[in-house]
1. Any residue in the range 24-37 that's among the charged types (D, E, K, R): show its pairings with residues that are outside any loop (DSSP other than H, G, I, E, B) at Cβ separation under 6 Å, as long as the two are six or more apart or on different chains.
2. Please determine, by comparing only the residues of the range 16-74 that are of a type in the set (D, E, K, R) and surrounded by fewer than 14 Cβ atoms within 10 Å (Cβ to Cβ), which one is nearest to Ser94 (Cα to Cα).
3. Could you list, in sequence order, the residues of the range 68-117 that are assigned to a helix (DSSP H, G or I), among the small types (Gly, Ala, Ser) and over 21 Å from the mean Cα position of the chain (by Cα)?
4. Can we say Thr88 is more than 30 Å from Thr27 (Cβ to Cβ), of a type in the set (Val, Ile, Thr) and at pLDDT 90 or above?
Amino acid sequence: MHDMVHEHEWSGDIVDITPRCPNCQSTRIEPRNYAQRLGGAIGAIAGSTSGIALALTGAEIGLLAGPVGAMLGGVAGVVIEGIVGGATGCAAGSKLGAAIDKNILHNQLCRDCGHTFSDRS
């Protein structure tokens, strides 16, 4: 695997560590982040689904308070748990995906020559 090349030029107290393509030395590099985006989407779907399932279980328990209690508690629970579960799942999936991008996939793309490479150093 190719490692990202960093240019180290000392100019007073400032260090230039611009990432460069190991193939053509271009500085026109962009991250692809495929696993991070996919992990976030899958996490959001899974988190929302489990949050809604938990809320529906809570609505069944709310039947003890009567049909009105189950209706109001169920609707509020589904909305809140769906949002919270989706956000939590998205955050966890994005973190996992970012780790996969950084350590496994060739996450960097050179816009000049099209070479893909890892940003591990």
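The values are calculated or read from the model by the stated rules, or taken from the named source; none is laboratory data. All figures in this text were calculated on a predicted structure; none of them were measured in a lab. All Cβ positions, glycine included, derive from the backbone under ideal geometry; neighbour counts span all protein chains shown.
1. Taking only residues 6 or more apart or on different chains, the pairs are Glu30/Leu109; Arg32/Leu109.
2. Of everything passing the filter in the range 16-74, Glu30 is nearest to Ser94 (Cα to Cα).
3. Once the filter is applied, which keeps residues that are assigned to a helix (DSSP H, G or I), among the small types (Gly, Ala, Ser) and over 21 Å from the mean Cα position of the chain (by Cα), the range 68-117 yields Gly69, Ala70, Gly73, Gly74, Ala76, Gly77.
4. So Thr88 fits the description; yes.
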